[in-house]
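Report on the structure given below.
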Amino acid sequence: MGVLYGVLIGIAVIGIWFISVYNSFKKMVVRCDEASSGIDVALAKRYDLITNLVATVKGYAKHEESVFTQVAQIRSLIKGNRSAAADQLDEAKGKLLAIAESYPELKASANFLDLQRSLSDVEEHLQASRRLYNHMVAALNTKKEQFPSNIVAGMIGESGRDFFQADEIQRSRVEIG
Amino acid sequence: MDQNQIEQKVASIRRSIQFLTVTGLTCLVIGVFSFISGILSSRQTSIDGAMAAFAFLMIAAIILFVLSYMRTTQYKRIIKNEVLKSCLEKHFDNVNYKAEAGFSREEIASTELVSMGNRFHSNDYLSAYCDGVYFERSDVLVQDHRSSGKSSYTVTLFRGRWMKWEFNKNFHGVLQIRGNSSLGFRSRKPFKWASSLPNMEKLTFENPEFNKQFTCYASDSEDAYYLITPHFMEKLMKLTDDFDCPVYYEFLQGYLHIAIYNDKDAFEPKVMGFDLQGYQKEIDEDCALLHQVVEILKLDDDHFKAREEN
């Protein structure tokens, strides 16, 4: 009888531990997804701002068609390949700001300055979302690798997440302002 | 009033304070002696005379001390209005200084940075623009006074400077950054059921040194990461090291609150051994600290938010 109780208590303890680890994995996954959606929101905001910047620059530099077309094509990338979309937005923004350098009136216009400021702000939000996402992913991946939570991770098929990588273009992005 | 006139006026008030205090103390001492001699005397007439002298001298001492107190208040008011205010105007724009005013208890309590106790005092309120950045500051004292039977004790929960800076980024949540060695401050997460702040969650950042030095609670983790960039973490650590005393930071409703528990009451002029130039130097050092906050934290950077013209 005593052995049976011992086994039952052991099973209960393992069950409780399993449930708590399982829940903490689920919580971490939700937080990673939440942080990931933050990146999407910031990228979409950034795209909208760059579109507005295009509209402002267009008023002064009508012949810079290639940049305007490039921006128009980026939207479809945001949902699919976020990293590529981020790179292309960086590139487009760099080109737009370089164009603005040649037009002092555009550079001094209140609308352009406002857009520049909003762009800096949204870049900062994007950076924050990326850092938060990577922080959450690091916590999830560490837990997935550590013993004994790696047993639960294996049982529930938790494979972790990939970090949001900044590639070379993003690393050498153009400073504005 | 120019420097010489101020010095003369201050010196004359100080002399009268010294005279009133010394005379008051003399009355007190002589009064006590008459009381003792009255008690020790065996003749009824001597007792009556000594007691009459004692009563007269006590009343005189009280009047002299009240007058001395009133002159001290006047003395401090003159120094604060003439010397302090002009020093502040030299450093800042749109200066609004009120010696008797301060932050309200409700405002300090709303930050939930400090346990509020049952005694609160705040004075030397200043609002101005420092290098184009709007700020408010005040001295704050928070104590908890308890008495049981004949014994009573007072615990000081906070004594120092409280600053409130307009922050150069838009944010919606609340972020508390608590120094891990900050005695006297609230050391734990605000209780959810007792807190008026939104649900706060403990956060860590990428910098292990920062995580070691501070404990952060935020209502919105993305907002917190937006405010606390790797560069800003370095700046906060530097600023905290420069203060060399427990410091707490809180981002709340567009402002950055900085609570510095330095156990000092700033801007208070001494009555004895007052040196005008020394006092002005102290004020300049205090103002330099405010410039330092703007400089280290780059609060005047308008890359993210347009600043209102002052």
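The values are calculated or read from the model by the stated rules, or taken from the named source; none is laboratory data. Worth saying up front: this structure is predicted, and the values here are computed from it rather than measured. We place every Cβ from the backbone using ideal geometry, glycine too, and count neighbours over all the protein chains shown. Accessible surface areas use protein heavy atoms only, side chains included; no ligands, DNA or RNA. Shrake-Rupley method; radii C 1.70, N 1.55, O 1.52, S 1.80 Å.
For the stretch B:1-20, which residues satisfy the criterion of being open to solvent by 40 Å² or more (accessible area, probe 1.4 Å) and either part of a helix (DSSP H, G or I) or free of Cβ contacts under 8 Å to residues at least 12 places away in the same chain (or both)?
Scanning the stretch B:1-20 gives B:Asp2, B:Gln3, B:Asn4, B:Gln5, B:Glu7, B:Gln8, B:Lys9, B:Ser12, B:Arg14, B:Arg15, B:Gln18, B:Phe19.
Residues being touching a Cys at 6+ places or on another chain (Cβ under 9 Å) and outside any strand (DSSP E or B): count how many of those fall in the stretch B:73-108.
Residues that pass the stated criteria total 5.
Out of the residues in the stretch A:11-39 meeting the condition of being within 30 Å of A:His125 (Cα to Cα) and polar (S, T, N, Q), tell me which one is farthest from the other protein chains (Cβ to nearest Cβ).
Among those residues, the one meeting the criterion is A:Asn23.
From the set of residues in the stretch B:185-219 that are of a type in the set (Lys, Arg) and not in a loop (DSSP other than H, G, I, E, B), which is modelled with the highest pLDDT?
Filtering first and then ranking leaves B:Lys212.
Kindly establish whether B:Ile260 is out of contact with any strand residue (DSSP E or B) (no Cβ under 9 Å at 6 or more places or on another chain), away from chain A (no Cβ under 14 Å), within 22 Å of B:Asn123 (Cα to Cα) and modelled with pLDDT of 90 or more.
So B:Ile260 fails the test.
Looking at B:Leu297, B:Leu276, can you tell me which residue is more than 14 Å from chain A (Cβ to nearest Cβ), touching a residue at least 12 places away in the same chain (Cβ under 8 Å), crowded, with 20+ Cβ neighbours inside 10 Å and not basic (Lys, Arg)?
B:Leu297
Say we look at the stretch B:235-292 and pick out the residues that are under 16 Å from the mean Cα position of the chain (by Cα) and of a type in the set (A, V, I, L, M); which of these is nearest to B:Cys130 (Cα to Cα)?
Step by step, filter the stretch B:235-292, then rank; the result is B:Leu290.
Is it the case, given these coordinates, that B:Val247 is in contact with a Gly (Cβ under 7 Å, 6 or more places away or on another chain) and either within 14 Å of chain A (Cβ to nearest Cβ) or open to solvent by less than 10 Å² (accessible area, probe 1.4 Å) (or both)?
In short, yes.
Condition first: aromatic (Phe, Trp, Tyr), modelled with pLDDT of 90 or more and under 22 Å from B:Tyr255 (Cα atoms). Can you find one or more residues in the stretch B:58-66 that meet it?
No, the conditions are met nowhere in the stretch B:58-66.
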